[in-house]
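Everything below concerns the one structure shown next.
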Amino acid sequence: MLPERVNIIEVGPRDGLQNEAGTIALADKVELINRLSKAGYSHIEAGSFVSPKWVPQMADSGEVFNSIKRAAGVTYSALTPNERGLDAALEAGADCVAVFAAASEGFSQKNINCSIEQSIERFTPVLQRAQAAKVPVRAYVSCVIGCPYDGAIDSAQVASVASRLQQLGCYEISLGDTIGVGTPERVKEMVNAVSQQVPVQQLAIHCHDTYGQALANIYAALQCGIATVDSSVAGLGGCPYAQGASGNVATEDVVYMLQGMGIDCGLDLQQVIDAGNFISQRLGRRNGSKVAAAMAPNS
Ligand code: HMG
Ligand code: MG
């Protein structure tokens, strides 16, 4: 059964922009978030408090948080890999923070320089302190289908990491097909395995579109009862520590699919398209959303 309503988490300003090689002006990041804020989202991931040596593009996240015009009803969140990141996120007034682990040891080492076990230990005080500050904590599990270093991933391993993060107190676990290798039946198998250990209401799906499978995989996840979908305006995105991780699924394409199926997501498609066109133009690239291209005035 498909959900009646889907919550879309916009990750473009973080997952979308973190991978850009060129410098993006602070004003452009702020303008993107301000435009997205008018489109009807309830949650926008606005930045990342990670080491600037690892991800230089997110170094100005504090300034981003301080400069955006916050819209009522929108949660503005940020990635926090450790306590230092949490301190910076709290200082910037993030409404929600996200820790990020992996289902594979190879990706954990390359992305956050520690084992899965060490990452959970590192997140424990982050959770405790965020909860004390009444800031909800989301979690990501990367490489839920395949890993660029370790190959195919067993769903039992995904379920185990997801369950530990949920037990630590994360309110939602976003399952990331980081390199976009999933196909629908495989995604269903993985989601069903994870939902044996974590209630499906606490799961989200996070698809990169490297192999063009993202929309089909999201549909498969919805059929399993997932009702929260991460996506990125204009299909921006990638992960600097996962070669081949292309953009996330484009928000515009997800909205079009949901609207076509009569599923409410609360978003104004045209406003999302406009925001995507704005940032694509600033980045000097074509908008990666097929829906945005199809709905362009002269198409
Ligand atoms: P490390 O080198 O093991 O840690 O990195 P460290 O504690 O030794 O710190 C190294 C340096 O970074 C030190 O500076 C620290 O002070 C500094 P130095 O003394 O050398 O001048 N540092 C920080 N600076 C600012 N903010 C911080 C912070 N922490 C340390 N929070 C660490 C470990 C986790 C910090 C590093 O590996 C890191 O930042 N990794 C982040 C990688 C990343 O952001 N990847 C992309 C996001 S994940 C993703 O995209 C996947 C996702 O979308 C889901 C999916 O698609 O699957 C979420
Ligand atoms: Mg991602």
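Readers should treat all values here as calculations from the given coordinates under stated rules, not as data from a laboratory. It should be emphasised that the depicted structure is a prediction, and the values quoted were computed from it without experimental measurement. Counting neighbours? That spans all protein chains shown, and the Cβs are built from the backbone with ideal geometry, glycine included.
Rounded to whole numbers, the Karplus 3J(HN,Hα) couplings from phi for region 71-80 are 8, 4, x, 9, 8, 10, 10, 8, 6, 9 Hz, using 6.51 cos²θ - 1.76 cosθ + 1.60 with θ = phi - 60°, and x at Gly and Pro. The spacing between region 177-231 and region 38-72, judged by their C-alpha centroids, is 25 Å. The charge dipole of the chain, taken about its Cα centre with unit charges on the Cβ of Lys, Arg, Asp and Glu (plus for the first two, minus for the last two), comes to roughly 300 debye. Summarising the strand pairing of the chain, around 10 percent of its internal DSSP beta bridges are antiparallel. For His43, the residues whose amide H sits under 5 Å from its own are Glu10, Thr75, ignoring neighbours fewer than 5 places away on the same chain, with H placed 1.01 Å from N.
What's the lysine pair count for the chain at a Cα cut-off below 15 Å, pairs eight or more apart or interchain? Please list the in-between numbers first.
Details: Lys29/Lys38; Lys29/Lys69; Lys38/Lys69; Lys53/Lys110.
For the chain, the number of qualifying lysine pairs is 4.
Packing-based ranking of 154-161, 196-203 yields 154-161, 196-203, ordered from highest to lowest mean Cβ neighbour count within 10 Å.
For region 157-173, putting each phi into the Karplus relation 6.51 cos²θ - 1.76 cosθ + 1.60 with θ = phi - 60° gives couplings of 5, 4, 4, 5, 5, 4, 5, 5, 5, 5, 5, 5, x, 5, 7, 8, 10 Hz, in residue order, rounded to whole numbers and with x for Gly and Pro.
Summary of packing: across the peptides 228-235, 5-12, the per-residue average of other C-beta atoms within 10 Å ranks them, highest first, as 228-235, 5-12. Our coupling estimate for region 193-208, obtained by passing each phi through the Karplus curve with A = 6.51, B = -1.76, C = 1.60 and θ = phi - 60°, is 5, 5, 6, 5, 10, 10, x, 4, 5, 9, 10, 10, 10, 9, 10, 8 Hz, Gly and Pro reported as x. The loop-placed trypsin sites (Lys or Arg not before Pro) in region 77-180, going by DSSP, that have at most 15 neighbouring Cβ atoms within 10 Å of their Cβ come out as Lys134. Residues whose amide H lies under 5 Å from that of Tyr140, counting only those 5 or more places away or on a different chain, are Val99, Phe100, Ala101, Ser174; hydrogens are built 1.01 Å from N in the peptide plane.
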